[in-house]
Structures are given as C-alpha cells and as structure tokens.
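First up is the structure itself, then whatever we jot down about it.
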Amino acid sequence: MSNTIRIAVVGSGYVGLVAAVCFAEMGHNVICVDNDQQKVDALRSGDCLIHEAHLPELLERYRNSRVRFTNDLGEATRGADAVFIAVGTPQGDSGVADLSYVEAVASEIARSLNSYTVIVEKSTVPVYTNEWIRRVMERNGVAKHLFDVVSNPEFLREGTAVRDFLHPDRIVVGTDSERAAAVLSKIYEPLTSGGYYEQPGAIDGFCTSSEPPPLLLTSTKSAEIIKHASNAFLALKISFINAVSNLCEAANADVEQVARGIGMDSRIGPRFLRPGIGYGGSCFPKDVAAFRCVAEELGVDFSLLAEVEKVNKDQKIRFLNKVRSALWTLRGKKLGVLGLSFKGGTDDIRESPAIELVRMLIAEGCSIRAFDPAAMTRAEHVLPAGSSLQYVSDEYAASNDVDALLILTDWSEFGRLDLQRLNRLMRYPIVVDGRNLYEPDVMLKNGITYFSVGRPTRHHMHELAATGTR
Ligand SMILES: NC(=O)c1ccc[n+]([C@@H]2O[C@H](COP(=O)([O-])OP(=O)(O)OC[C@H]3O[C@@H](n4cnc5c(N)ncnc54)[C@H](O)[C@@H]3O)[C@@H](O)[C@H]2O)c1
C-alpha cells in the first residue's frame, strides 16, 4: 500500500470538512461528498461556510487538488480505499439517535462498492451501529470480503477543530479486522509516527515528533462506547460543577475557588469544571440522551445520565430567575445579550443555551439587543429580528440604554470589555454573567452591580453604603 491513501469523506459539516482538509494536510487524496449542492458549490469556490481557525487556509491550499468536492457518493466510493461517514446523527424520538442519514449513506455505498473498502464510522453512533451497517451491506449483496466496518470516533471541539484533529489526545480505532486496522494505521501514520509535526508549516499544537499521539486499537463496539462515554462523562462534569455552584450560592461561597480546589486534584483535573448556564451544542445533549437510551435498551440502569440532563435543564431556568431577581420583573425590560453560539470560538448555535434563554426572555416580555462575533447570521434563521429582538454590531451597541447586560457565551473578548464605557452606556449598570468572565471586585470598582454563577452577588450601591464611600 502506498503512503497516500484515497479517502472519501461523506458529509462536509464541522467534522467531515475538517477531517477532509486535515487528511489532505497529512498527505492523502480526499473526495468530500455532500448531498447539499449549495454546500458543494460554496466549498468548491473556497467558501468554508463554518467559522473555524485554520480551516480557510487549509481549504485554500488543497481545494481542487488534494481535496475535491462532489455530490456523487457512488463515484467517490468507487475510487476510495476508505470511506468515512461523517453525516449528522441527530436526536430522534425520546432521545434515541436518528441513524437514518447513516443508513442512507451505507445503502448508497453498498450500491457502488466494487473492490475492498474500509467503511469508517466517524459520526457519533450508538454501540451496535457497525453491525447494522454490515447488515445493510450484506442485504445489498456486497460480498463479506469486499468491506470491513471500523469505528473511528472523532473528539474534535468546535472552535479548535483543525488543531484538535491534527493534535489529538488519542486516535481510537475500533475494528475486529487486521486488514482494516492496517488501512487506518496507515492513514494516521503521519500523526502517530510524528512525521507530520516536522513538516514545514505544520499546524502548531501540543503533539510533537518526539511526543506523537497514540493510536488505541479496540474492538468495534468498545470504540463506539468510548465516544458516547467520553461525551457523557464531560457533560456529567459540567452538571456536577453546576450543582456545586447552586450549593455555593445557597452557602454564600465562591464556586470559582471551589472549582480551583477540586481541579488541583490530579485525579480530577481542572477542565470542564466551569460553572455556567449549562452545556449545549450539537453533541453533548444528543449524545447523553442517546447513551441513556442505549443503556435502557440493553436493560442497564444508568439513571445517573437522566440526572445529568435534569441539572443541565434546570441551570437555564435558574439563570432566567437570576435575571428576574436582578430586575424584579421582566416584562417590558430592555436587555443586552452578549453571545448566541453555544460556546465561544464557534458560530454553531445548535442546542445553544444562549438561544434558548433569548427565547425565554422574549416570551417573558423583554426586548433584546443581541451581539455575537460569529453566530448572528445563523441565529437570525431561528430567531428572526423583530420588535423584541435586534441584532447589533458590537458589545457596546448591545449595552446601549439597557436595563441589564447578560453574558451568555464565553467568547474571550467578552471578558475584556471597557467597563467604564459599559457603565456609561447602560441605563442601569447591572451585568448578569452566565459564564463568570469577570472577577466580581473588578465589576464593583467600575460601578457595576454584578450577578454571576455560584458566587456571592456584588451590589455596587450596597457595598458603597457599607464602606461609607461613593
Ligand atoms: N460537531 C462536532 O463538534 C462533533 C464532534 C465530534 C463528533 N461529531 C459527530 O459527527 C457527526 C457529524 O457532525 P457535524 O457537526 O459535522 O454535522 P453537520 O450537520 O455539520 O454536517 C453533516 C453533513 O452531512 C451532510 N449529509 C447528510 N446526509 C448526507 C448524505 N446522504 N450524503 C452526503 N452528505 C450528507 C449534510 O448536508 C451536512 O453537510 C455527528 O454524528 C456528530 O455527533 C460532531
């Protein structure tokens, strides 16, 4: 087998497109397939459609050379050594993963397969999906020796997707076939050998030629479970710290200090211990729900996951009530909103707690001036501008003449605002921060009453009165 592998990636969304350009960056020849013709046309002309660091430059470097875009899955399959399925697996009824896109792709691959090909599940799928794909192949008359199904889950995070792909903590390859394992090992060899990191212009990150990422070979089912269990565990960590933050509020303690103290324990670690308004995005909510359903189907009591979901749902309501208690009543209030994407660094608004909160606030009779550095175009599709909602050009325009300013997404720039300017612009200098981006003292010094998550509220006027200063 030559070092260059012919790869087809099906789906050109956050995972598929990033995987396609990164495989090209690793030296492979890639065809990226999407059934959305508009996407294919845009990608062909160099518009990468999503907001991701390094993606525009890699797309520019490889488009129409090592990466081609098409809507013809049959043609892409026929020329490929490996076909990566990276289509959506959204939440279906009662939380079960909707695998209809994966099934449609598998059937189409089956109709075009004419030589040995590895079919790779890159989408996040429940355990046993590999067997269903195998059955679809066989039902369509594909001989057993012509294919293997491998699970190669993706752990990239939106916002740092390219770097995560090329500098992974680990590469998980789940397969019960040595032949397929060899193809996947060859595909990832530029990373696992460390060779990629010596390449001139390689994307920077924490992996190096002396410390390349490990490739973990597992059974197919184990790999499928690793992905769901990883996301469920991260969601659990977030819900855990949110529950602790509620306890801190009740005890008048500071959750940031508590989180620091917990996170310094090397068995626990500091990441994903950030209290806030709950997790969102296209992965955690649906993956926790799907994992819960898998457990139910297999007769396993995993009600811990239902608790994780409940804490997450309640966290948004608690924040809404925090805004209410800051303002006494909500009807008729004018609010500035900073952040609409589900987290900073991305334009993705799927299952964004910020979007949900804006909806709830509008339903309560508030009018909103919203700003997000990247997600406003997408937000307008689900929340059209109107008399209760205006999209504005920056943070200060969002603060203009408002009764309070809400921080709903952890964009780093929201943590570096000119607070004096903010104070002058707002009708009442009140900030309700769902992401704890500020030290309460800093807000207070700038004359702003500051509500955050899991920390004592700092009232500007009360504290001045207590210290006898103005
Ligand atoms: N977004 C993330 O951060 C992330 C991270 C890890 C894993 N995942 C998983 O990866 C999968 C894809 O997620 P995403 O965020 O990239 O989704 P996405 O919705 O951004 O992209 C999916 C793409 O697949 C295309 N598609 C659907 N059906 C098709 C078909 N029959 N033929 C060709 N193209 C088709 C769609 O047009 C779309 O462009 C999901 O299972 C998700 O859970 C996502």
Return a yes/no flag: does region 83-101 have any residue that is assigned to a loop (DSSP other than H, G, I, E, B), crowded, with 22+ Cβ neighbours inside 10 Å and of a type outside the set (A, V, I, L, M, F, W, C). yes
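This table checks each residue for (1) over 24 Å from residue 48 (Cβ atoms); (2) under 24 Å from the mean Cα position of the chain (by Cα); (3) within 14 Å of the ligand (Cβ to nearest atom).
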residue: 63; (1), (2), (3): no, no, no
residue: 66; (1), (2), (3): no, no, no
residue: 76; (1), (2), (3): no, no, yes
residue: 81; (1), (2), (3): yes, no, no
residue: 90; (1), (2), (3): no, yes, yes
residue: 96; (1), (2), (3): yes, yes, yes
Test residue 43 against the criterion of being over 22 Å from residue 149 (Cα atoms), surrounded by 15 or more Cβ atoms within 10 Å (Cβ to Cβ), within 11 Å of the ligand (Cβ to nearest atom) and more than 21 Å from the chain's Cα centre (by Cα), and give yes or no. yes
Could you identify the single residue in 354, 290, 306, 326 that is among the aliphatic types (A, V, I, L, M) and free of Cβ contacts under 8 Å to residues at least 40 places away in the same chain? 306
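When you go through 159, 174 one by one, which is the residue that is surrounded by 18 or more Cβ atoms within 10 Å (Cβ to Cβ), touching a strand residue (DSSP E or B) at 6+ places or on another chain (Cβ under 8 Å) and more than 18 Å from residue 10 (Cα to Cα)?
On the way: 159 fails: touching a strand residue (DSSP E or B) at 6+ places or on another chain (Cβ under 8 Å).
Going through 159, 174 in turn, the sole match is 174.
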Test set (1) part of a loop (DSSP other than H, G, I, E, B); (2) among the polar types (S, T, N, Q); (3) farther than 28 Å from residue 456 by Cβ - residue 377 fails condition number: (1)
Condition test on residue 427, is it out of contact with any helix residue (DSSP H, G or I) (no Cβ under 9 Å at 6 or more places or on another chain), closer than 21 Å to residue 334 by Cβ and at pLDDT 95 or above? yes
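Does region 433-442 include one or more residues that are assigned by TED's automatic domain parsing to the domain that holds residue 368, in a loop (DSSP other than H, G, I, E, B) and touching a Leu at 6+ places or on another chain (Cβ under 6 Å)? I'd like the intermediate steps shown before the answer.
We begin by selecting, within region 433-442, every residue assigned by TED's automatic domain parsing to the domain that holds residue 368; these are 433-442.
Now drop any that are not in a loop (DSSP other than H, G, I, E, B), which leaves 434-439.
From what's left, touching a Leu at 6+ places or on another chain (Cβ under 6 Å): 434.
Yes: region 433-442 contains one or more residues that are assigned by TED's automatic domain parsing to the domain that holds residue 368, in a loop (DSSP other than H, G, I, E, B) and touching a Leu at 6+ places or on another chain (Cβ under 6 Å).
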Scanning for something within 16 Å of the ligand (Cβ to nearest atom), in contact with a helix residue (DSSP H, G or I) (Cβ under 7 Å, 6 or more places away or on another chain) and not assigned by TED's automatic domain parsing to the domain that holds residue 170, does region 269-276 turn up at least one residue? yes
Select from region 194-208 the residues that are surrounded by 13 or more Cβ atoms within 10 Å (Cβ to Cβ) and more than 28 Å from the chain's Cα centre (by Cα) and write down the one among them that is nearest to residue 120 (Cα to Cα). 195
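Out of curiosity, is residue 142 free of Cβ contacts under 8 Å to residues at least 40 places away in the same chain, more than 16 Å from the ligand (Cβ to nearest atom) and more than 22 Å from residue 229 (Cα to Cα)? So that I can check it myself, show each step before the final result.
Details: free of Cβ contacts under 8 Å to residues at least 40 places away in the same chain: yes; more than 16 Å from the ligand (Cβ to nearest atom): yes; more than 22 Å from residue 229 (Cα to Cα): yes.
When the stated conditions are applied, residue 142 passes them.
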Report, by residue number, each residue of region 1-37 that is more than 8 Å from the ligand (Cβ to nearest atom), within 19 Å of residue 101 (Cα to Cα) and not in a helix (DSSP H, G or I). 8, 9, 31, 32
Among what's in region 357-374 and is crowded, with 21+ Cβ neighbours inside 10 Å and part of a helix (DSSP H, G or I), pick the residue that is farthest from the ligand (Cβ to nearest atom). 361
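The values are calculated or read from the model by the stated rules, or taken from the named source; none is laboratory data. What you are looking at is a predicted structure, and each value in this text was computed from that prediction instead of being measured. Because the Cβ atoms are built from the backbone with ideal geometry, glycine has one as well, and the counts that use them run over all protein chains shown.
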